[in-house]
C-alpha cells in the first residue's frame, strides 16, 4: 500500500553537527518488538519520541465493542511520540502496536529537552512534523465523518493498487485489517467487495484483486457513490 506520508521525517535530524549527533545518540534507548506486540496502550502516560529503525508500527483505537480503527502506519525512518513527551502524564489517545517485527530508537522527554532548547532548527522541524500529523488526523476525521463506507473502501483499494493497475495486486490485508483501516466491520467490507466485483469495478480472489474499472472505483472514492 502506498503510504501518504512516507517522507514525513526525512530531514528531522540531518542538520545536526557531529557533536550534536553524538550527544543525541548517547541518550537513545533501543528496543525490539515482535509483530503483534503492544508498544503502548491507550491511556498510558508514555513519554517517548521514537524513530522506527526497522519494521512498522501501527497506531490504532479500539471501541468498547472490540472494533479497531487503524489511524496511521509509522514506517522505517519515520518519527512518532506519546503525548507525555510534551505534556507530563498526558494519556495516549491511541495504542501503538508492532505490525511487523521492528526495532525502535526511543528518547525520553528528559533526555531530549536540553537539545531541543538549544537547537532551534530541531525544534522547528519537530513542530512542522507535528503540524503534518494534525493535518493527517484532520483528513482521517473528514473521511470518517463525511465519506460513505463504500467510498472509503474504494479509496483504500486504489491506494493498494497504486498508479499501475494493469495487473493483479496481492491481498496482503485480511478483511479485519481492511475494516480497521476504514472504520467498519469485516462483514461490510466483504459485502462491498462483492458489490464492486458484481459491478465490474474489480476482480477478486482469495489471494489477489485487479481493478478493472479505475474510474468507476475512483468515483466511489470521490463520494459520488456508496
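The values are calculated or read from the model by the stated rules, or taken from the named source; none is laboratory data. Since the model is a prediction, treat every value here as computed from it, not as a measurement. Quick reminder, even Gly has a Cβ in these numbers, built from the backbone with ideal geometry, and neighbours come from all protein chains shown.
Values as computed for the structure displayed
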item	result
Options 22, 44; residue that is assigned to a helix (DSSP H, G or I) and either over 17 Å from residue 75 (Cβ atoms) or within 16 Å of the chain's Cα centre (by Cα) (or both)	22
Number of the exception - residue 115 against (1) over 19 Å from residue 60 (Cβ atoms); (2) surrounded by 15 or more Cβ atoms within 10 Å (Cβ to Cβ); (3) modelled with pLDDT of 80 or more; (4) not assigned by TED's automatic domain parsing to the domain that holds residue 87	(4)
Filter result for the condition that a residue is modelled with pLDDT of 80 or more and either under 13 Å from residue 211 (Cβ atoms) or surrounded by fewer than 16 Cβ atoms within 10 Å (Cβ to Cβ) (or both), over 144, 156, 136, 126	156
Contacts under 7 angstrom Cβ, first residue in the stretch 100-128 being farther than 30 Å from residue 34 by Cα, partner modelled with pLDDT of 80 or more and in a strand (DSSP E or B), 6 or more apart	none
Checking residue 35 against (1) under 15 Å from residue 76 (Cα atoms); (2) part of a loop (DSSP other than H, G, I, E, B); (3) touching a helix residue (DSSP H, G or I) at 6+ places or on another chain (Cβ under 8 Å); (4) modelled with pLDDT of 75 or more, the condition it does not meet	(3)
Residue count, the stretch 60-80 (criterion: without any contact (Cβ under 8 Å) to a residue 60 or more places away in the chain, in contact with a strand residue (DSSP E or B) (Cβ under 6 Å, 6 or more places away or on another chain) and surrounded by fewer than 21 Cβ atoms within 10 Å (Cβ to Cβ))	3
Residue under evaluation residue 207, criteria (1) modelled with pLDDT under 80; (2) crowded, with 17+ Cβ neighbours inside 10 Å, criterion not met	(2)
